[in-house]
1. Under the 0.36 nm per residue contour assumption, what length would be gained going from the current alpha-carbon distance of CYS48 and GLU172 to full extension?
2. Note down the nm distance, to one decimal, between modelled labels 7 Å out along Cα→Cβ at ILE57 and at SER71.
3. Sticking to Cα atoms, compute the Rg of segment 228-269 to one decimal and its Dmax as the biggest Cα-Cα distance, whole number, in Å.
4. What's the extension gain from LYS233 to ALA150 if we count 0.36 nm per residue and subtract their Cα-Cα distance?
5. Give the Kirkwood hydrodynamic radius (Å, one decimal) of segment 143-299, defined as one over the mean of 1/r across all pairs of different Cα atoms.
6. What accessible area per residue, rounded to a whole number of Å², is obtained for segment 103-178 using a probe radius of 1.4 Å?
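The values are calculated or read from the model by the stated rules, or taken from the named source; none is laboratory data. Being a predicted model, the structure only gives us computed values, none of them experimental. Cβ atoms come from the backbone with ideal geometry, glycine included; neighbour counts cover every protein chain shown. Each accessible area value is taken on the protein alone, full model and side chains, heavy atoms only, with ligands, DNA and RNA left out. Shrake-Rupley method; radii C 1.70, N 1.55, O 1.52, S 1.80 Å.
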Amino acid sequence: RDVMADMKDVAKAANECGGDFWGSDPRNGGDQQMEDDSEEDEDMLEGCIPAGTYVNITIEKVTPVAYARLSPESLVAGVTLLPHENKVSVLHMGLSQSSKCDRSEIPVKSKDVLTFRCGWRTWQARPVFSQNNLNSDKHKFERYMPQGGAFFAASIFGPVTYSPCPVIVFRESVTEDDMPNRELIAIGSMLGADADRIVVKRIILTGYPTRVHKRHATVKYMFYNPDDVNWFKPAGLTTKHGLNGNIIESVGEHGTMKCLFNAPIKQHDTVCLPLYKRIYPKYVPVTKTADDNETVSNATSLLVL
């Protein structure tokens with residue numbers, strides 16, 4: 001009965017307002033609201049050109065040398081930049097190896113000069129490959145580009161580009177006939193521009209126990225200077241058999257040290273000290289030809305085509 005009464009009240013209210021019961025009262029504010037919405041739409045469209053309109057674009061400050069490079073048969077694309085897209089930042093891309101690159105016998109090493117086609121822009125960069133861990137704020141550095149279709153991240157210096165944006169990566173090479181060749185090696189999409197993304201490289205220093213007494217051990221061949229032993233004294237040690245320990249003190253003048261572990265250590269065990277170093281991408285030297293046919297190399301320039 002309550003539901004039927006509510007439905008009757010709704011039907012009565014709809015008949016009174018003529019069906020326009022959404023929003024403000026149609027008797028005094030409905031027309032005013034429609035006028036406000038139309039004014040807002042006009043403000044948004046101010047300065048815009050309708051689709052399908054023919055326009056003439058005049059480009060200023062074009063040098064004769066740059067104009068001579070344009071072929072009369074080629075098409076010139078005109079685009080506009082979003083805010084901050086004229087700046088250079090650290091870009092991160094989610095990539096995977098192309099199927100055409102599987103047949104290549106030459107691996108792709110980090111910091112090699114590669115050509116990136118990102119949207120409508122093309123430039124060369126020296127990427128740093130890393131693992132794309134979704135649940136971690138630190139990502140392990142990869143010396144070579146992962147193979148077998150694995151997904152990875154590439155960090156480079158380049159113009160700011162917003163995601164989603166498709167990315168194609170090429171490698172420039174020379175054939176046996178001394179002809180330039182461009183090989184497709186990876187495809188993916190843009191992850192974003194973030195200078196705070198941390199890429200770390202892991203190295204492990206190893207030492208060998210020479211004297212062992214229960215949980216104590218004298219370790220050699222990890223350091224060769226007492227100053228290095230004192231510097232890494234707060235760092236933790238591990239062993240290949242799963243023990244954890246720390247450095248107690250330095251012994252002698254050749255980097256020997258006394259260590260204490262959480263369990264008795266064996267003579268044939270190996271002491272390890274993992275260290276991490278943050279890795280940054282590098283700029284590509286851009287070669288420019290001057291008017292007097294001299295080549296000038298600038299290591300901090302970014303050439304975008």
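1. Result for the pair: 40.5 nm of gain on full extension.
2. Result: 2.0 nm between the two label points.
3. For segment 228-269, the Cα radius of gyration and maximum Cα-Cα distance read 10.6, 29 Å.
4. Gain in length upon complete extension: 26.0 nm.
5. One decimal place: 20.6 Å for the Kirkwood radius.
6. Spelled out: the 1.4 Å probe surface of segment 103-178, per residue, equals 57 Å².
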